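Nothing in this text is a laboratory measurement; each read-out follows from the coordinates by a stated rule. Not measured: the values here are computed from a predicted model. With ideal geometry, Cβ positions are generated from the backbone for all residues, glycine too; neighbour counts draw on all protein chains shown.
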Amino acid sequence: MTTVRQALHAVMRDVGAVKKGDRNTQGNFNFRGIDAVTNAVYPALVEHGVIVAPKVLDYQYGTVVVGHKRTEMGHARLMVEFTFYGPEDDQIVAVTAGEAFDSGDKATAKAHSVAFRTALLQTLCLPTDEPDPDSTPNQLLGCFPGNGKRLSLMVWSWATSQWRRAAKPPKS
């Protein structure tokens, strides 16, 4: 028989990376939504006999007023214990937090989704298949007086520990 650890390892192998395919236009960033994560993980969980059961450990709900229009929003915070049961009925437990705001009645459901997505991402160590942002050095930009009254855009080179003149952008 297969232990839950072996089953989760097989799930990880089958699922692989889950890309950040959703976009938050207000915050201008990509993310992996609950649907993308569960759609990627569900077939492998079923294939390898893994069942996930949630248990809410702590739940807080309140309202907050946000924005210049003074909109009242529901604010849900919870701590959830997710038990991953394997084919032999053994288990691994993950505890994650979820927090969400909503102007309607969905704050609690959204917080549950955040907690579940986090549990899946962390328990299964799901990569994004994107380059590590720390794999390339950050560049520092600065403007310094150049010839006469013009400013020159300069870039710090970590390789040489010196400032160098930035390349001119191509003309459009």
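Which FRET efficiency value, to the nearest 0.05, do you get for Met1 and Ala109 by plugging their Cβ-Cβ distance into 1/(1 + (r/R0)^6) with R0 = 30 Å?
0.25
Subtract the Cα-Cα distance of Arg165 and Asp35 from 0.36 nm times their separation in residues, and report this length gain in nm to one decimal.
42.2 nm
Within segment 34-83, list the trypsin sites (Lys or Arg not before Pro) lying in a DSSP loop whose Cβ has at most 10 other Cβ atoms in a 10 Å radius.
Those that pass, being in a loop and sparsely packed, are Lys69, Arg70.
How about Lys20: which aspartates and glutamates have a C-alpha closer than 16 Å to its C-alpha, ignoring those fewer than 8 places off in the same chain?
Asp35, Asp129, Glu130, Asp132
Around Lys20, what is the net charge, scoring Lys/Arg as +1 and Asp/Glu as -1 over all other residues with Cβ under 10 Å from its Cβ?
Its environment carries a net charge of 0.
Give the aspartates and glutamates reachable from Lys55 as a straight Cα distance under 16 Å; neighbours fewer than 8 places away on the same chain don't count.
Those aspartates and glutamates meeting the cut-off are Glu81, Glu99.
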